[in-house]
Amino acid sequence: MMTGNSVETHNLTVIYNKKPAIWNIDFTLPAGKIIGVMGPNGSGKSTLLKAIMGIIEPNIGYAKIFDKDLDDVRERVSYVPQRQSVDWDFPASVWDVVAMGRYARKGMLKRLSAEDKSIIEESLEKVNMTAFAQRQISQLSGGQQQRVFLARALAQQADIYFMDEPFVGVDAATEEAIINLLKSMRDQGKTLIVVHHDLHTAQDYFEWMVLLNTRLVRVGPVEDVFNQETLTETYGGTLTTLSKVASLLQEKSFPMRHK
Amino acid sequence: MTFIREIISFFTFSEPNVKVVFLGSLILCAISGLVGTFTFLRKRSLIGDVISHAVLPGIALAFIIGHQKNVLYLIIGATITGWISTYLVEYITRHSKIKSDTAIALILSVFFGIGVLLLTHIQHTGAGSQSGLDQFIFGRASAMNQSDIVLFGSVGIVILVLTLIFFRGFSILSFDEGYANAIGFPIAWLKLILSIITVITVAMGVQAVGVVLMSALLITPAAAARFWTNKIHILAILAVLFASISGIIGSAVSYTYNGMPTGPWIVVIVSLLAFLSAIIGSKTGILKSWNLRRRNNVKILKENTIKLFYALNSEQPDNSGFQFSEIAENARMENTTLRSGLKLLRKEGWLIGNDRQGYQTTEEGKREARAIVRKHRLWELYISKYMHLQPDHVHDDAEGIEHVITPEIERELEEQLDFPKLDPHNSEIPY
Ligand SMILES: Nc1ncnc2c1ncn2[C@@H]1O[C@H](COP(=O)(O)OP(=O)(O)OP(=O)(O)O)[C@@H](O)[C@H]1O
Ligand SMILES: [Mg+2]
């Protein structure tokens, strides 16, 4: 089992166009768990993942993964982007996309070895997409696209996986297959950080949870943080003031506090 | 005849200058096709347009400063202003509320306007016309000379090598920038290299096609190639091929009609290739879908015709031949259509006979007739059961669906319905 911290953030803040998307996020997450990230649309979930992985440069603050700087652990970090973030009309086959997972280790120049190829095949097998290996990605259903992205992440053989809404647009059977896959990965000591929308399944899927609405609302084990009160806080009511303030910052061009 | 002689003289390089024009257009177009592949895949055609217009002031300035036409200076000048323009577009979209299309339109017109202004100035001072600076608007490949070709060739090779080295990086960058970043590809560098390559390609390419049409030369070859392949490597190769063909033909035509600008011809030809690709391209071609539709129509006609014999046979099992009028009586189609249907079935061996002797189904024909009726009735039963449709509403639906049911689906239907004996109208389902 993996112990210790997986992710640690300090004052993590990202500002788009003078409007904060995430604001002073400060938390420590355990390793070897399935951790949900929840919050309403536009609450900064995707931004949070991207900032932790260094895909976007935070304006303030920093993040560490396994107590190290991102650049020192990059090989151990894997990412499943939101499915809609790419153009599925791109000229590539399922195999081509999954192979990208291996390039994390191979870099831009080295050729794939026989071992890489068998890892790619295994990854396809795990998400039940072997039969589709040569299929054009434009000819996949939404659920199949999602599984291709998962296979690509699996092919990286990382220790921590950031997944942005892996259950969106998949049918119930696929969702169950995916969550079982995630649980078996967790049993092998992997850490999974999963953006999720469905409140009904959240308690079954996650052991830990990050509740987000631009600000960090709550973080902790599900049984401690997942209740009516925190959900109201995250999804409605009290925090609308916060978003009003955020919009004001943008409208009036107030500078955010720096340092 | 003189036209043909001119064309022949072009392709036999009988004049030394021809070889220069030919090689120059070939190199410039090939590079544009290659680099343009990524402009196309990253959906940056508008940026290509900005760059190609923004090189104009750079060219004019290089001319003013250098006092004569020196291709190296011109390329450097063009690269600098081209680069500034992309930088400005990016800066404006990032740091203001102006959307990128507005920023693009803004920068494009400002740079192009300044360029035209400077060009007019040069022309008024008298040096411009003899140096042929106006060629940069529409391009004139025939203005190239030997040393230009050497320069284009060397820069072209550098660009080719860079593209090959970074091909994987550029591909992933184009497909999924966030992921490329997450797996540690140096995307800031990749983007920088790609945009430098693009600017230099445009700066050189305007010599052949001019600033107005340069972005078309960048995008169209890849767009045409996309109709033929789903593989990115082949896409790049085809784009280079299409661009090269256009370059060769375009410069040949412009050479033949002395003084005609090269750019429009090259672009006309590459657009023609794109148009043809859209029609006959193997992947998305219209021809392919025509073919498919024709094949479907044949299948539907055959199945509808043989189905007529199922009814006829069950009414008169030992009939030695049905007359055309008998067959036509129950057919819901034109007589001419029915005739071609009968002809198809005879060719297929499902039917023997003719108008005089009457028509009779073969064993194979009987089997096919049962098969299509079975599919029809299974489907009727399936939708009346699972979609709760009234039995009198299911026939029309089944008329269409019966033709697309594959053997696998048929088996599934049989299993789900537990091998039924009767359809919703209590007719027998033949096995
Ligand atoms: N590239 C960008 N430029 C400007 N604003 C952005 C950008 N990306 C996100 N935003 C804004 O930042 C805020 C947070 O966006 P983010 O995508 O992180 O939300 P999310 O929680 O992932 O939403 P969803 O549930 O819809 O995926 C939103 O208000 C969004 O409009
Ligand atoms: Mg999101």
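Tabulated values for the structure
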read-out	value
Verdict on A:A21 being assigned to a strand (DSSP E or B), open to solvent by less than 30 Å² (accessible area, probe 1.4 Å) and farther than 23 Å from A:R83 by Cα	no
Residue match in the range A:182-201 (condition: more than 15 Å from the chain's Cα centre (by Cα), assigned by TED's automatic domain parsing to the domain that holds A:G39, over 20 Å from A:S78 (Cα atoms) and open to solvent by less than 50 Å² (accessible area, probe 1.4 Å))	yes
Residue among B:E348, B:E329, B:E428, B:E414 that alone is of a type in the set (D, E) and under 20 Å from B:K299 (Cα atoms)	B:E348
All positions within the range A:36-48 that are near ligand 1 (Cβ under 8 Å from one of its atoms) and within 9 Å of the chain's Cα centre (by Cα)	A:K45, A:S46, A:L48
Where B:H393 falls short, out of the listed (1) open to solvent by 90 Å² or more (accessible area, probe 1.4 Å); (2) of a type outside the set (A, V, I, L, M, F, W, C); (3) assigned by TED's automatic domain parsing to the domain that holds B:I306	(3)
Enumeration of residues in the range A:126-157 that are open to solvent by 50 Å² or more (accessible area, probe 1.4 Å) and within 22 Å of the chain's Cα centre (by Cα)	A:K126, A:N128, A:S141, A:Q157
Selected residue [part of a helix (DSSP H, G or I), farther than 25 Å from B:K375 by Cβ and of a type outside the set (V, I, T)] from B:S325, B:S320, B:S314	B:S325
Residue list for the range B:182-220, filter: within 14 Å of chain A (Cβ to nearest Cβ) and on the phi < 0 side of the Ramachandran plot	B:A182, B:I183, B:F185, B:P186, B:I187, B:A188, B:W189, B:L190, B:K191, B:I193, B:L194
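Per-residue answers, yes or no, for (1) of a type in the set (A, V, I, L, M); (2) surrounded by 15 or more Cβ atoms within 10 Å (Cβ to Cβ); (3) over 41 Å from the mean Cα position of the chain (by Cα); (4) part of a helix (DSSP H, G or I):
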{"position": "B:I352", "(1), (2), (3), (4)": "yes, yes, yes, no"}
{"position": "B:R356", "(1), (2), (3), (4)": "no, no, yes, no"}
{"position": "B:Q360", "(1), (2), (3), (4)": "no, yes, yes, no"}
{"position": "B:R370", "(1), (2), (3), (4)": "no, yes, yes, yes"}
{"position": "B:H376", "(1), (2), (3), (4)": "no, yes, no, yes"}
{"position": "B:K385", "(1), (2), (3), (4)": "no, no, yes, yes"}
{"position": "B:P420", "(1), (2), (3), (4)": "no, yes, yes, no"}
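Yes/no matrix, rows are residues, columns are (1) within 14 Å of chain B (Cβ to nearest Cβ); (2) within 17 Å of B:A182 (Cα to Cα); (3) hydroxyl-bearing (S, T, Y); (4) touching a helix residue (DSSP H, G or I) at 6+ places or on another chain (Cβ under 8 Å):
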site: A:T9; (1), (2), (3), (4): no, no, yes, yes
site: A:L29; (1), (2), (3), (4): no, no, no, no
site: A:F66; (1), (2), (3), (4): no, yes, no, yes
site: A:D71; (1), (2), (3), (4): yes, yes, no, no
site: A:D89; (1), (2), (3), (4): yes, no, no, yes
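This table checks each residue for (1) under 20 Å from B:V206 (Cα atoms); (2) over 33 Å from the mean Cα position of the chain (by Cα).
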position: B:S52; (1), (2): yes, no
position: B:V71; (1), (2): yes, yes
position: B:V89; (1), (2): no, no
position: B:L106; (1), (2): no, no
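The values are calculated or read from the model by the stated rules, or taken from the named source; none is laboratory data. It should be emphasised that the depicted structure is a prediction, and the values quoted were computed from it without experimental measurement. So basically every Cβ, Gly included, is an ideal-geometry build from the backbone, and we count neighbours across all protein chains shown. The protein model used for the area step is the full one, side chains on, heavy atoms only, and it has no ligands, DNA or RNA in it. Shrake-Rupley method; radii C 1.70, N 1.55, O 1.52, S 1.80 Å.
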